[in-house]
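Okay, structure first, notes after.
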Amino acid sequence: MTATPAASPACMNSPADPSRRGFLFNSTAAVIGGSVAATLAHSRSVHAAGTEKPLKVALIGCGGRGTGAAVNAMRADKNVKLTALADAFPDQVTHCRQVLSRQLGEQFAVPPEQEFSGFDAYKQVMASDADVVLLCTPPHFRPAHLRAAVEAGKHIFCEKPVAVDAPGVRHVLASSEMAKSKNLNLVSGLCWRYDLGVKETMKQIQDGAIGDIVAIQENYLTGTLWHRGRKPEWSEMEYQTRNWLYFTWLSGDHNVEQHIHSLDKAMWLMNDQPPASCFGLGGRQVRTSEEWGNIYDHHAVCYEWANGVKCFAFTRQQAGCSNQTEDFVMGTKGSAQILKNEVTSGEKKWRYRGDKPSMYDLEHVELFKAIRSGETINNGTYMSYSTLLAIMGRMATYTGQNITWDAALSSQEVLGPSKYEWGKIDVPTVAMPGVTKFV
Ligand SMILES: NC(=O)c1ccc[n+]([C@@H]2O[C@H](COP(=O)([O-])OP(=O)(O)OC[C@H]3O[C@@H](n4cnc5c(N)ncnc54)[C@H](O)[C@@H]3O)[C@@H](O)[C@H]2O)c1
């Protein structure tokens, strides 16, 4: 996708390049919020089951979400301690320690020798005695970190998206199968799958409340996100890694990084069966300057399934526009809105009126419950497919071509540099529909 004919070779290596992350890609195959009370009720039932083994948790990626995920994990099970922190940058580790040591009390048990930094920090976590790892870096690094976690026999909480390119998705699918064979839990950070209201609304639809699904509309229309500026002492690699949202090789573009939450609900509605193909329009009208890297600021993608169902998916990150995040589902007998938790029309209108504990807490409640009960959760397939759905949409908007699921899944495009080290790295070019080639 991003690779225009003039695209940076350092950022978009050919899959044939033997120096490329071969180990990684040759496989074929701080919102915390919510009801603490409800979570603790779950937690007590976990302890009532009688398995009181203290569990050790390590965090990889000590930014906003990682810090939040560590809190969610500690709230989910009181017999758990945070024992290691790892990040590309030492200052991020320090900041995370300051926040969590205050917030977690005795559950914060990270000695100085268990704080790691640098691109290889994750390897030291894998060599530690942690039982569970929280993978919360920018998505580019997820395939390598996930594989290392499975190989090290860790249970895993894995933030979304799980990759930025198809070789990464294939690698994650293979790691997920490895996790299954080792009875390791793999819980995805696609958090709406754990939200009680959303789950109930999905169940209503699956039980026939709106008849057969005819069409879906996904809106993720929002404003701008953070930018961390540029410091003179930062190399280009450091600048891009710190401002990872704006570089397709690191984030996948916002169609992947953020809109995946909506696209995942479309996949869920379609029973996680992939669409046949998609086409899309996109570009950057507002993000025209260098500080915004090479991602777009809007994408509109139409996905079509073999049975004729279409999903119209819109996402925008532009300030000063009207915003909406909602999933509209149209059926033969009615319609529903997923985030509103409502069957909005049809023979039997319905609205979810139950508890609303934090979905972020619930992800971890389920994870620790499974570890303690000996059951195994594996969200590997849906987290990979939803990531590919988002990547496929980006491929369509970047190239201007129709993209089939099969072509997307077998794409050979590998995004990112051939090695990770602080220093020079090319600034990737912005994709141009009609010029940028599908690889
Ligand atoms: N589920 C959700 O609702 C949700 C919300 C926010 C973010 N996220 C996801 O969580 C992940 C992190 O997002 P964030 O908002 O915390 O970003 P962030 O920038 O605040 O944190 C990312 C951290 O990872 C570190 N990092 C970068 N490269 C690394 C590497 N190679 N090894 C170790 N550490 C590295 C960064 O220094 C930073 O501290 C992303 O995948 C994002 O999409 C999910």
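With R₀ fixed at 25 Å, the C-beta to C-beta distance from Asp272 to Thr344 puts the FRET efficiency at about 0.55.
Calculate the tail of P(r) for the stretch 75-122: the fraction of all Cα-Cα distances greater than 19 Å, expressed in %.
Above the 19 Å cut-off, the stretch 75-122 has 24 percent of its Cα pairs.
For the residue pairs Lys123/Lys180; Lys56/Lys203; Lys340/Lys437; Lys265/Lys419; Lys53/Lys419; Lys56/Lys160, the alpha carbons lie more than 30 Å apart in Lys56/Lys203; Lys340/Lys437; Lys265/Lys419; Lys53/Lys419. Sorted into 5 angstrom bins from 0, the C-alpha pair distances of the stretch 187-271 split as 3, 11, 17, 18, 14, 11, 9, 7, 5, 3, 2, 1 percent.
Report, to one decimal in Å, the Kirkwood hydrodynamic radius for the chain based on all distinct Cα pairs. Intermediate values should be presented prior to the final figure.
Details: mean 1/r = 0.0451 Å⁻¹.
Taking the inverse mean of 1/r over all distinct Cα pairs, the chain comes out at 22.2 Å.
For Lys356, the aspartates and glutamates whose Cα falls under 18 Å of its own Cα, not counting residues fewer than eight places away in the same chain, are Asp195, Glu200, Glu326, Glu342, Glu366.
Solvent-accessible area per residue for the chain at a 1.4 Å probe radius, Å²?
It amounts to 39 Å² per residue over the chain.
Packing around the peptides 104-117, 247-260, taken as the average count of other Cβ atoms within 10 Å per residue, puts them in this order, highest first: 247-260, 104-117. In summary, the lysines within cross-link reach of Lys231, defined as a Cα separation below 17 angstrom excluding same-chain residues under 8 places away, comprise Lys424. Backbone geometry of the stretch 248-256 corresponds, through the Karplus equation with coefficients 6.51, -1.76 and 1.60 at θ = phi - 60°, to 3J(HN,Hα) couplings of 4, 5, 9, 9, x, 5, 5, 4, 9 Hz, x marking Gly and Pro.
Could you work out the local net charge near His259, counting Lys and Arg as +1, Asp and Glu as -1, over the other residues with Cβ closer than 10 Å to its Cβ? Once all neighbours under 10 Å are counted, the net charge is -2. Here is the size of the stretch 393-439 from its Cα atoms: Rg then Dmax, 13.0, 37 Å. Taking a sphere under 12 Å around the Cβ of Gln240 and counting the other residues whose Cβ falls inside, with K and R at +1 and D and E at -1, yields a net charge of -1. Each residue of the stretch 293-299 is assigned a 3J(HN,Hα), and the resulting list reads x, 10, 7, 7, 10, 7, 9 Hz, derived from the Karplus form 6.51 cos²θ - 1.76 cosθ + 1.60 (θ = phi - 60°), x at Gly and Pro.
The values are calculated or read from the model by the stated rules, or taken from the named source; none is laboratory data. Quick caveat: nothing in here was measured; it's all calculated off a predicted structure. Here Cβ is always computed from backbone atoms with ideal geometry, including for glycine, and neighbour counts include all displayed protein chains. Quick note on the areas: whole protein, heavy atoms, side chains included, nothing else; ligands and nucleic acids left out. Shrake-Rupley method; radii C 1.70, N 1.55, O 1.52, S 1.80 Å.
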